[in-house]
Each structure stands twice: as structure tokens, then as C-alpha cells.
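Heads up: the structure comes next, in C-alpha cells.
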Amino acid sequence: RRKPMNSRYVLALDPSGAYKEGSGTTGWCLYDIEKQKIAKFGFIYAGNYSCQFQYWDAHITLIDSLAGYHPDVVIEDYLLYGDRAEAQVNSRLETPQLLGIIKYEVWKRGSFIYIQTAAQVKTRWSNNILLHKRLIEKDGLSYSINGTKVSDHILDSVRHAVHYSTYHSKYRRNTWK
């Protein structure tokens, strides 16, 4: 594993490779560690692409579009939990395939990549904590960032960005714990 680049930014991805198995959606967030603010965010939806390879390529295009920020990259890992293993019988395991592509592309570019599990961040960075830190807002039953409604995948990417910047980034300044 490469050492963190002391980048001021982290690109956090919550990927879903489920192109053929459903409607894959990858949430992403570019987080400014110094300002402790979300700089950019969005999602990549598999349904917008005519084939799996175009969907995968959209992830590479995203990474290319944010290359000027020189971000560290953090990705939610894919784990096959015992209590869900039976549901994955005959699965093509598209998310691990997408993870492999992203990991290789980030490595090829010389950027730092860090893998975190969902369990590491979901309990530590609840929506209530993200609200308290003013990273997200609550609009009735949904959540938003700067007035734009966001999906659970985007919220999870924010959790990954905040967790990485708090506990693992070499750049961090006055981050909270």
C-alpha cells in the first residue's frame, strides 16, 4: 500500500457494480479536509449506460475529472457476510469486479487508495452526527447537501470521507474524533 499523499482532498466512493443484477449506483464525495466541507458530490447510475463497460468507465472518468485536486481515494470494501452469503449464490459479484478496476486505475495513476468497510463508518458517523457537523441537512424524511437531495450511497460516501480524514489522512489539521 502506498503512503497517504498528504492531500488536502479525499475522494470517497461507495460503489455498486450491479449493472446486470439490478440498478447499480455509486455515490461519491470530494471532501476538503482542511475546511472540513464537502467540495463536490454526486452519483453514477448504471441505468444511464448501455453496457457494463461504459458504467465502469464512468468511474474512471470521474477520477480523471477530479485529478486536479490530487485526492487520496477511499473506497467502501465489498465483504461477503455469512448471513448474506446464501443471497449471493449465482451472483456475478459485479461490485468486487468494479472495485478491482477502480483500485487498479487509482494505483496506476500513483494516487493513494484506502479501503474501508461499511461497518467501520456507518455506526461512527450516523446521519445525526453528520447533521450536527453541518455536513448534511434534513428535509422532512430525506437528506440533502447544500439544498440538493442525496441518496444513501452519497451519504455513505460522506461517511467514508469523514472517517478517512479523521483517522487516516496525513493531511488532517483540526479534525474531530
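The values are calculated or read from the model by the stated rules, or taken from the named source; none is laboratory data. Here the structure is a predicted model, which means the values were calculated and not measured. With ideal geometry, Cβ positions are generated from the backbone for all residues, glycine too; neighbour counts draw on all protein chains shown.
Scanning the stretch 116-152 for residues that are among the β-branched types (Val, Ile, Thr) and crowded, with 17+ Cβ neighbours inside 10 Å yields Val121, Ile136, Ile145, Val150. Going through (1) part of a helix (DSSP H, G or I); (2) modelled with pLDDT of 90 or more; (3) not hydroxyl-bearing (Ser, Thr, Tyr) one by one, Ala119 falls short only on (2). Within the stretch 10-38, being modelled with pLDDT of 95 or more and either aromatic (Phe, Trp, Tyr) or surrounded by fewer than 18 Cβ atoms within 10 Å (Cβ to Cβ) (or both) holds for Trp28, Tyr31, Asp32, Lys37. When Arg134 is tested against (1) more than 15 Å from the chain's Cα centre (by Cα); (2) modelled with pLDDT of 95 or more; (3) outside any loop (DSSP other than H, G, I, E, B), only condition (3) is not met.
If you take the residues in the stretch 47-76 that are closer than 18 Å to Thr95 by Cα and among the aromatic types (Phe, Trp, Tyr), which one is surrounded by the fewest Cβ atoms within 10 Å (Cβ to Cβ)? Reasoning before the result, please.
From the stretch 47-76, those closer than 18 Å to Thr95 by Cα are 47-63, 73-76; that's our starting set.
Imposing the further condition that a residue be among the aromatic types (Phe, Trp, Tyr) reduces the set to 49, 53, 55-56.
Working: Tyr49: 16, Phe53: 11, Tyr55: 24, Trp56: 25.
In this case the residue turns out to be Phe53.
Determine, yes or no, whether Asp156 is surrounded by fewer than 18 Cβ atoms within 10 Å (Cβ to Cβ) and under 20 Å from Gly42 (Cβ atoms). When the stated conditions are applied, Asp156 does not pass them.
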